[in-house]
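Down below is the structure, laid out as structure tokens.
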Amino acid sequence: MYVPRFFETKDWPETARFIKENPLASLVSRGNEYPVATHCPLELEENAHGETVLSGHVAKANAQWKLFESQPEVLAIFLSPVQHYISSSWYNHPNVPTWNYMSVHVYGRLRVVEGERLRNSLEKMTRLHERVSSHPLTQGVLQSEIEKQIGGIVGFEIDIEKVEASWKMSQNRDDEDYRNIIAELEKLENYNAKMVAAKMSQIRKVK
């Protein structure tokens, strides 16, 4: 990923928090003709060796899993709703428009996991996301459903080898432009725009 120095973050705790808050990733493999991608939730976990990995699964009906052994090098792309168009009319000088966004790219080597390791990963992921439900799945129902479905999926872990994080939030603009961008975003009746404005206000305090 192209990351100009203005936008680069190397703060791993913040990057990890971003991944946990935005777990739906695009998992990209090298295909035989074109790159192949699947959109699936990936979770940061600690493996048996105490190393941080990404874990997830895809359906066996999804042919991408057949690349996992021959093409284990993968890219996981995480995005978030914190993104919006930035009009150059909001600047104090002529310029071109742009787009503000937050993104994390994780590169690594994938390996298939099965059996108890896969069951534990599925249970952990389901419990985590069931917290939003007012009537979460009970342990008995959860285990029963996992046993029914486990034959139809392929589980995996990704050993993390490189992480790139870009918080592109107009940090390359002067304080006047920065303040104007925030003010214009806040005027918009748009959830994404307001989230970008809030993130920009958090990154740089301007009066």
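Bear in mind these aren't lab numbers, they're just calculated from the coordinates by the rules spelled out. The structure displayed is predicted, hence computed values, not measured ones. FYI the Cβ positions are ideal-geometry reconstructions off the backbone, even for glycines, and counts take in every protein chain you see.
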Got a sec? How would 158, 203 order by Cβ neighbour count within 10 Å, fewest to most?
203, 158
Give the angle, between 0 and 90 degrees and rounded to the nearest 10, that separates the Cα long axis of helix 191-203 from the longest principal axis of the Cα atoms of the chain.
70
Can you tell which of 54, 118, 137 shows the greatest fluctuation in a Gaussian network model of the chain with Cα springs below 10 Å?
137
Ellipticity estimate at 222 nm from DSSP helix runs (n ≥ 4, -39,500 (n - 2.57)) divided over the chain, nearest 500:
-9500 deg cm²/dmol
Give the order of 87, 121 when sorted by the count of other beta carbons within 10 angstrom, beginning with the fewest.
87, 121
Can you give me the angle between helix 12-21 and the longest principal axis of the chain, using Cα atoms only, in degrees from 0 to 90, rounded to the nearest 10?
70
Charge dipole (debye, nearest 20) of region 27-139; +1 at Cβ of Lys and Arg, -1 at Cβ of Asp and Glu
160
So what's the gap between the Cα centers of region 146-191 and region 26-85, to the nearest angstrom?
16
Sequence neighbours fewer than 8 away in the same chain don't count; with that in mind, list the lysines whose C-alpha is under 23 Å from residue 187.
168, 199, 205, 207
Mind checking the full-extension length gain between residue 184 and residue 109? Use 0.36 nm per residue of separation minus the Cα-Cα distance, one decimal, nm.
22.7 nm
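Using only the Cα atoms of region 12-203, construct the convex hull and provide its projected area averaged over every direction, in square nanometres to one decimal.
Projected area, direction-averaged: 14.0 nm².
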Would you work out which of 49, 118, 16 lies farthest towards the positive end of the dipole of the chain, given +1 charges on the beta-carbon of Lys and Arg and -1 on that of Asp and Glu, about the Cα centre?
16
When the chain is modelled as a GNM with alpha-carbon springs shorter than 10 Å, which of 140, 31, 155 fluctuates the most?
140
Cα gyration tensor shape for region 134-191, rounded if a/c is under 1.5, else prolate or oblate
oblate
Helix axis angle, 139-149 relative to the chain longest principal axis, alpha carbon, degrees
80
State which stretch of the chain is the longest one without any exposed GluC sites (Glu not before Pro), exposure meaning a DSSP loop state and at most 12 other Cβ atoms within 10 Å.
115-188
Name the residue from 188, 141, 67 whose Cα lies farthest towards the positive end of the charge dipole of the chain, charges +1 on Cβ of Lys and Arg and -1 on Cβ of Asp and Glu.
188
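Please identify every one of the chymotrypsin sites (Phe, Trp or Tyr not before Pro) in region 1-51 that sits in a loop by DSSP and has no more than 14 other beta carbons within 10 Å of its own beta carbon.
2, 6
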Excluding residues fewer than 8 places away in the same chain, name every one of the lysines whose C-alpha is closer than 16 Å to that of residue 20.
124
